[in-house]
Amino acid sequence: KKEVQYGPVSPEKRTDPAMEKWRDNRFGQFIHWGLYAIPAGYWKGKYYKGAAEWLKSWAKVPMNEWAKLAEEFNPEQYDPEEWASMAKQMGARYVVLTTKHHEGFCLWPSQYTDFDISNTPYQKDLLKPFVEAYNKAGIDVYFYYSVLDWYHPDWRYALKSEEDKQAFERFKTFTKNQLSELIERYPSVKGFWFDGTWDASWKASGQFSYELEKHMKQLKPGLIINSRMRADEWGSRHFDSNGQMMGDYASGWERKLPTDTSVLHNDWEACMTVPENQWGYHKNWEGHVKTPTELIEMMVRCTALSGNFLLNFGPKEDGSIREEEQLLVKEIGNWMEQYGNAIYNCAYAGLEKQDWGYFTREPGSKTVNMVVCNIPVNKALRIQLPKNLFIQHYEYMGKPLSKLTLEEIGKNEYFIHLGKVKTKQPFVINIQLTSEKTDNGLYQKAKT
Ligand SMILES: Cc1ccc([C@@H]2N[C@@H](C)[C@@H](O)[C@H]2O)cc1
């Protein structure tokens, strides 16, 4: 074991109400919105297929040229009430909004930089009405914040000289000031989603980031911070040099999902783009655009492994939402209306995964949700229970799609026969488990 002084600030599995709510939320909306939405993947007429919020890098745009975009940022269609009502319709229980991405442009009037919304034709604070609208809709608000800041003169990728070190000291103070400012201006914020923390300069700032996390949690008790904020004093990120998770949930799952139960050890969240790799608005989504069903199945997989799913939206420069994302709001919203109870407050069910889909369960409940994503050709859903558990009752959640029958095919092993089922979307069957099995094999009448 290595001596680690600047590892985790909070206990590994927090049980306070704020963290319990984070777990219960399960499904969140990510929003990437900044100056990059203006060029939207094109620069001087040229198309760049890389992530739109990285266009400055792909097109090698000098910062003084990129910063000119602020002079034309005027999102007249921006309507946070509309955004919040869409998020609510979709069934998102929390939202993570980019307050500042790598470009360094701030959506709020920051006293620590001139590169912010107050120096645009729009002028007004975008964050305040956003926080109010989402809170009014009952949706928890989190702030994405990029430590990496391409605009700030004191940013350094590495600390190679005394000058670098002095500049980066000023940069660290700037970062602490901005984060304190965000908490003080928007006290209902529930947590921070840090990004842009992979460079050597920040990896060498383990003590500073440790104290910064502590400072933020003193400013706002209960604050929830992702593992990506930190490196320990040895430069080990997300997990310290002894494998202890830093922050309050593991946030290394970006555009990829876990495939086994090793993630159960910590809280975690996966964030996901709708196209293959676009977070900020790109005019032309190339390649595969995930369907609502694909995204629903990803969300179910996350819940089934006790993790959160954060689905990304990239609003246009004028504040409007693109067609493809409006479709997701409708389709995912319809599904969540019927089957949200298999997601919200649910987690790993402790049962052996089967090919037809996923088990989820509200911790402590006798009801297990079977979320069926792949109907077997024999229309029989196999269930293997631990030796002291039996099925007492089974039925569709919501609208029944067919007549179900149960067959015991082995020790605590069953088939649920689906009969004729016609559906385009995943569906849910609830099973009630019991620990006693009457000796003549007939089960007690369902006590519902
Ligand atoms: C290599 C790389 C750096 C940064 C990112 C940022 N993290 C995502 C959550 C987006 O903000 C993307 O710009 C993605 C890939």
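One table, with the values for the structure above:
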item	result
Angle in degrees between helix 162-185 and the longest Cα principal axis of the chain, rounded to the nearest 10	60 degrees
Tilt relative to the chain, helix 323-339 - C-alpha long axis, 0 to 90 degrees, to 10	40 degrees
Entries in K330/K403; K56/K214; K411/K437; K56/K283; K46/K283; K366/K411 that, when Cα-Cα distance is taken, lie over 23 Å	K330/K403; K56/K214
Shape call, the range 216-370: gyration tensor on alpha carbons, a/c limit 1.5	oblate
C-alpha long axis of helix 127-136 to longest principal axis of the chain, angle in °	20 degrees
Placed amide H near Y394: partners under 5 Å, 5+ positions off or other chain	Q432
Ellipsoid semi-axes in whole angstrom, largest first, where each is sqrt(5λ) of the Cα gyration tensor of the range 123-221	29, 14, 11
Inter-label distance for N277 and Q111, nm, one decimal - labels placed 7 Å from Cα along Cα-to-Cβ	4.1 nm
Straight-distance crosslink candidates among lysines, where the alpha carbon sits under 27 Å from K220 and sequence neighbours closer than 8 are dropped	K13, K21, K88, K100, K124, K128, K136, K172, K176, K190, K203
Alpha carbon centroid spacing (whole Å) that separates the range 417-437 from the range 320-337	26 Å
At R0 = 30 Å, FRET efficiency that the Cβ-Cβ distance of A158 and N284 yields, to 0.05	0.30
Additional length obtainable on full extension of the chain from K214 to N378, 0.36 nm per residue less Cα span	53.5 nm
Sites matching trypsin sites (Lys or Arg not before Pro) across the range 153-213 that sit in DSSP coil, with at most 14 neighbouring C-beta atoms within 10 Å	K160
Relative contact order [Cα under 8 Å, 6+ residues apart], the chain, whole percent	17 percent
Dipole of the chain, positive direction: furthest Cα of A347, G287, L179, with charges on the beta-carbon	A347
The range 61-116: GluC sites (Glu not before Pro) falling in loop per DSSP and having at most 14 other Cβ within 10 Å	E76
Positive dipole terminus of the range 1-98, leading residue within Y78, M63, P8 (C-beta point charges)	P8
Distance in nm between pseudo-label sites at K46 and K366 (7 Å out along the Cβ direction from Cα)	6.7 nm
Euclidean distance of C-alpha centroids, the range 19-41 and the range 353-396, integer Å	32 Å
Share of pairwise Cα separations in the range 1-115, more than 24 Å, in percent	49 percent
Dipole of the range 348-445, positive direction: furthest Cα of L385, G364, I431, with charges on the beta-carbon	I431
Reference-scaled alpha-carbon Rg (2.2 N^0.38 Å with N residues) for the chain	1.07
Reach of K387 by Cα under 13 Å, taken over aspartates and glutamates that are not fewer than 8 positions away in the same chain	E352, E413, E436
Expected-Rg normalisation [2.2 N^0.38 Å, Cα atoms] applied to the range 165-292	1.19
Under 5 Å, built H, 5+ apart or other chain: amide partners of R322	K316
Helical mean residue ellipticity (222 nm; -39500 (n - 2.57) per DSSP H run of 4+; nearest 500) of the chain	-7500 deg cm²/dmol
Cleavage-rule hits, trypsin sites (Lys or Arg not before Pro), the range 10-95, DSSP coil, Cβ neighbours within 10 Å at most 15	K13, K44, K49, K60
Computed FRET value (nearest 0.05) for K387 with E294, which takes r as the C-beta separation and R₀ as 35 Å	0.45
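Bear in mind these aren't lab numbers, they're just calculated from the coordinates by the rules spelled out. Not measured: the values here are computed from a predicted model. When we count neighbours, we look across all protein chains shown, and the Cβ atoms used for this are built from the backbone with ideal geometry, even at glycine.
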